[in-house]
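J.: Before I ask anything, here is the structure I am working with.
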Amino acid sequence: MSAERIDGIAFAAKVRARIACLASSFETRAGRKAGLAVILVGDDAASQVYVGAKHKATREAGMASFEHRLPADTPQADLIALVKKLNADPAVDGILCQLPLPAPIDGDAVIQTIDPDKDVDGLTIINAGRLLSGLPGIVPCTPLGCDMMIVDRLGEDLSGKTALVIGRSNLFGKPMGQLLLQRNATVTQAHSRTADLAGEAARADILVVAVGRAEMVRQEWIKPGALVIDVGINRIDAPERGAGKTRLVGDVAYGEAETRAAAITPVPGGVGPMTIACLLDNTITAAHRREGLTLPDAA
Ligand SMILES: Nc1nc(=O)c2c([nH]1)NC[C@@H]1CN(c3ccc(C(=O)N[C@@H](CCC(=O)O)C(=O)O)cc3)C=[N+]21
């Protein structure tokens, strides 16, 4: 068997087209564009690339993008003051502060200052609590994107299916487990201290991996016919491409998993593009809520 390769780029393009329609109707109804503010502190190369991609995607969807690039030595108090200013700015519907923040800034202190109704990363305690309680809130972008891809393949109801999430971060693992639980999957949350990761994985109809270890998940870990969602993005040396070259791989050994899975997300081109699409989705949803507008059903 050779698994279907789930095309995250094509899927994200569809989501972004839907959001562009919503953004256009929002602008007509609210008399202004929906707006996303992104804060980037320091000059981490990967973060620069992500923030640039977010800015471009936001503009392409017909939303306003406000970029705040600050030097690495910005005092925490200044950053918190900026977040408070954006909280009060009526043109800003979503605030994203790119993580990680450089030391000695306490990233959580900054994140928890964000107005929960503008917290498009879904990282405030209020949004985490809303998700846990089954209340409407804002769900972190990467798990939301994975949820969309899972629903697209398996439908909205995962009754009777087993799901294993490897990873337990606030940004991904914990919310991903909650979303699968809400869809009636039988969820196991695994992590670095799990005794038999391979054995747990081999029982999973849906395997979601977010550990940050290149190609850790091997062929024997995959239940035949499973849906495999690879959240890892690892840069490894690729001498076969020439001296000093690197390439991106996931947490799953793709070539091995492909022989057993029914479908699998590649890296790159899988979960990553969906993360940005979901950031736009969260922003347009936040904008409608802030204006007291209902989201049109099928845009
Ligand atoms: N507050 C905050 N929210 C985030 O959502 C957040 C963050 N901080 N810090 C960094 C991580 C990482 N992240 C990615 C987004 C898109 C791709 C993406 O589109 N990747 C492409 C290309 C990857 C490449 O070529 O480098 C792919 O996987 O195909 C990857 C990673 C969001 N993050």
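J.: Going by what's in this entry, would residue 86 be described as assigned to a helix (DSSP H, G or I), surrounded by 20 or more Cβ atoms within 10 Å (Cβ to Cβ) and modelled with pLDDT of 95 or more?
T.: yes
J.: Let me ask something additional. Do you know which of the residues in segment 104-125 that are surrounded by fewer than 17 Cβ atoms within 10 Å (Cβ to Cβ) and not in a loop (DSSP other than H, G, I, E, B) is nearest to the ligand (Cβ to nearest atom)?
T.: Let us first name the residues in segment 104-125 that are surrounded by fewer than 17 Cβ atoms within 10 Å (Cβ to Cβ), namely 104, 106, 108-109, 112, 125.
Narrowing further to those that are not in a loop (DSSP other than H, G, I, E, B): 108-109, 125.
Details: 108: 12, 109: 14, 125: 15 Å.
Here the answer is 108.
J.: List the strands (runs of 3 or more DSSP E) inside segment 209-299, counting only whole elements, that have at least 1 residues being closer than 30 Å to residue 197 by Cβ and among the acidic types (Asp, Glu).
T.: Details: elements: 227-230, 234-237, 246-249.
Filter on segment 209-299 gives 227-230, 234-237.
J.: Out of (1) within 17 Å of residue 175 (Cα to Cα); (2) in contact (Cβ under 8 Å) with a residue 24 or more places away in the chain; (3) away from the ligand (no atom under 16 Å from the Cβ), what's the single condition that is false for residue 141?
T.: With (1) within 17 Å of residue 175 (Cα to Cα); (2) in contact (Cβ under 8 Å) with a residue 24 or more places away in the chain; (3) away from the ligand (no atom under 16 Å from the Cβ) applied to residue 141, the lone miss is (3).
J.: Exactly one condition in (1) within 15 Å of the ligand (Cβ to nearest atom); (2) farther than 23 Å from residue 154 by Cα is not met by residue 250; state its number.
T.: (2)
J.: If I ask for residues that are within 14 Å of the ligand (Cβ to nearest atom) and without any contact (Cβ under 8 Å) to a residue 24 or more places away in the chain, which ones from segment 144-156 would you list?
T.: Matches in segment 144-156: none.
J.: Now for a different question. In the set 192, 133, 169, 159, which member is within 15 Å of the ligand (Cβ to nearest atom) and either modelled with pLDDT of 95 or more or on the phi < 0 side of the Ramachandran plot (or both)?
T.: Being within 15 Å of the ligand (Cβ to nearest atom) and either modelled with pLDDT of 95 or more or on the phi < 0 side of the Ramachandran plot (or both) holds for just one of 192, 133, 169, 159, which is 169.
J.: So which residues in segment 14-54 are touching a residue at least 12 places away in the same chain (Cβ under 8 Å), closer than 16 Å to residue 91 by Cα and part of a helix (DSSP H, G or I)?
T.: Passing the criteria: 23, 24, 26, 27, 29, 30.
Residue-wise test of (1) within 14 Å of residue 11 (Cα to Cα); (2) surrounded by fewer than 24 Cβ atoms within 10 Å (Cβ to Cβ); (3) of a type in the set (Phe, Trp, Tyr); (4) assigned by TED's automatic domain parsing to the domain that holds residue 150.
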{"position": "244", "(1), (2), (3), (4)": "no, yes, no, yes"}
{"position": "247", "(1), (2), (3), (4)": "no, yes, no, yes"}
{"position": "257", "(1), (2), (3), (4)": "no, yes, no, yes"}
{"position": "260", "(1), (2), (3), (4)": "no, yes, no, yes"}
{"position": "264", "(1), (2), (3), (4)": "yes, no, no, yes"}
{"position": "269", "(1), (2), (3), (4)": "yes, yes, no, yes"}
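J.: Quick check on this structure: which one of 240, 291, 200, 220 is in contact (Cβ under 8 Å) with a residue 40 or more places away in the chain and away from the ligand (no atom under 16 Å from the Cβ)? Reasoning before the result, please.
T.: Working: 240 fails: in contact (Cβ under 8 Å) with a residue 40 or more places away in the chain; 200 fails: in contact (Cβ under 8 Å) with a residue 40 or more places away in the chain; 220 fails: in contact (Cβ under 8 Å) with a residue 40 or more places away in the chain.
Selected residue: 291, the only one of 240, 291, 200, 220 that is in contact (Cβ under 8 Å) with a residue 40 or more places away in the chain and away from the ligand (no atom under 16 Å from the Cβ).
J.: From (1) over 25 Å from residue 295 (Cα atoms); (2) in contact with a Lys or Arg (Cβ under 9 Å, 6 or more places away or on another chain); (3) surrounded by 20 or more Cβ atoms within 10 Å (Cβ to Cβ), pick out the condition that doesn't hold for residue 101.
T.: The one condition residue 101 does not meet is (2).
J.: Among the listed residues 264, 284, identify the single one that is more than 11 Å from the ligand (Cβ to nearest atom), within 18 Å of the chain's Cα centre (by Cα) and over 30 Å from residue 39 (Cβ atoms).
T.: The match here is 264.
J.: Further question: Could you list, in sequence order, the residues of segment 6-41 that are among the small types (Gly, Ala, Ser), over 30 Å from residue 262 (Cα atoms) and under 18 Å from the mean Cα position of the chain (by Cα)?
T.: Within segment 6-41, just 37 meets the criteria.
J.: Are any residues in segment 55-75 of a type in the set (A, V, I, L, M, F, W, C) and either touching a strand residue (DSSP E or B) at 6+ places or on another chain (Cβ under 7 Å) or part of a strand (DSSP E or B) (or both), and if so, which ones? Before you say what the answer is, go through the steps one by one.
T.: Start the filter on segment 55-75 by keeping residues that are of a type in the set (A, V, I, L, M, F, W, C), which leaves 57, 61, 63-64, 66, 70, 72.
Within segment 55-75, 63, 64, 66, 70, 72 meet the criteria.
The values are calculated or read from the model by the stated rules, or taken from the named source; none is laboratory data. Given the structure is predicted, the values throughout are model-derived calculations rather than measurements. Neighbour counts run over all protein chains shown; Cβ positions are idealised from the backbone, glycine included.
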